[in-house]
Amino acid sequence: MKSVTWDGKAVYPSKIVCVGRNYADHIKEFDNEASQETVIFIKPNSAISNEIYSSKSEVVHFAGEITFLISSGELRGVGFGLDLTKRDLQYKLKAKGWPWERAKAFDHSAVFSDFVTFKCDISELRMEFYINDALVQFGDYDLMLSKPTQMLNEAKSFLSFEDGDLLMTGTPKGVGSVNSGDKYLGKIFEKEKLIVEGSWVVK
């Protein structure tokens, strides 16, 4: 089983529950339709990686997200997450009406910073994502169409969370291609206070 780190200890998520189309500007960015219901898909534990890989044969897109760690059925930890997508493959699958797993659930498609316990109001959390020192994505509670507690309850309506499971809350605008050699830096803030960050160099 793959692990993430929460307050310095290894945790083994059984799954990653992901929310799509949760920022209005990102929906417009891809000419998608807004959904009346929360869009949910799942990545397996095997998707978790500490490394980010580019591809010479496929277009892979990054998407930075505020990510929560679940304990006792509640949102307890927070960290920065990257949802990686094989974009052209996703388009082909969607056009056929087929599931997205081949484009979303592949090995190394879920990358995370450490997680920390947060004690602030959840509405005070925000994220910033930089590539080669340039800010490319910004997201916070106010910009989310579906709020974190709402996402959690929606997912609970049809599945059970195990301790250590992760909830990815969707990505704001600014999604782009993963390129070898790029330096990534993701940050999570409580208002103006930096509480956790993660950095990677794309292989």
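Residue count for segment 48-59 satisfying the condition of being at pLDDT 95 or above and in contact with a Lys or Arg (Cβ under 8 Å, 6 or more places away or on another chain): 5. Among the numbered conditions (1) in contact with a Ser or Thr (Cβ under 9 Å, 6 or more places away or on another chain); (2) under 24 Å from Glu197 (Cβ atoms), the only one that Leu145 does not meet is (2). Scanning segment 45-59 for residues that are within 24 Å of Pro148 (Cα to Cα) and touching a helix residue (DSSP H, G or I) at 6+ places or on another chain (Cβ under 9 Å) yields a single hit, Ala47.
Inside segment 37-47, can you point out the residues that are among the hydroxyl-bearing types (Ser, Thr, Tyr) and at pLDDT 90 or above? The one that is among the hydroxyl-bearing types (Ser, Thr, Tyr) and at pLDDT 90 or above: Ser46.
Between Leu194, Leu135, the distinction of being closer than 18 Å to His61 by Cβ, surrounded by fewer than 19 Cβ atoms within 10 Å (Cβ to Cβ), at pLDDT 95 or above and touching a strand residue (DSSP E or B) at 6+ places or on another chain (Cβ under 8 Å) belongs to Leu135 only. Within segment 171-184, the only residue that satisfies the criterion of being part of a strand (DSSP E or B) and crowded, with 19+ Cβ neighbours inside 10 Å is Tyr184. Determine if segment 18-31 includes at least one residue that is modelled with pLDDT of 95 or more and not β-branched (Val, Ile, Thr). Within segment 18-31 (the criterion being modelled with pLDDT of 95 or more and not β-branched (Val, Ile, Thr)), the answer is yes, since at least one residue qualifies.
The values are calculated or read from the model by the stated rules, or taken from the named source; none is laboratory data. What you see is a predicted model, and the numbers here were worked out from it, not measured in a lab. Please note: Cβ atoms are built from the backbone with ideal geometry, for glycine as well, and neighbour counts cover all protein chains shown.
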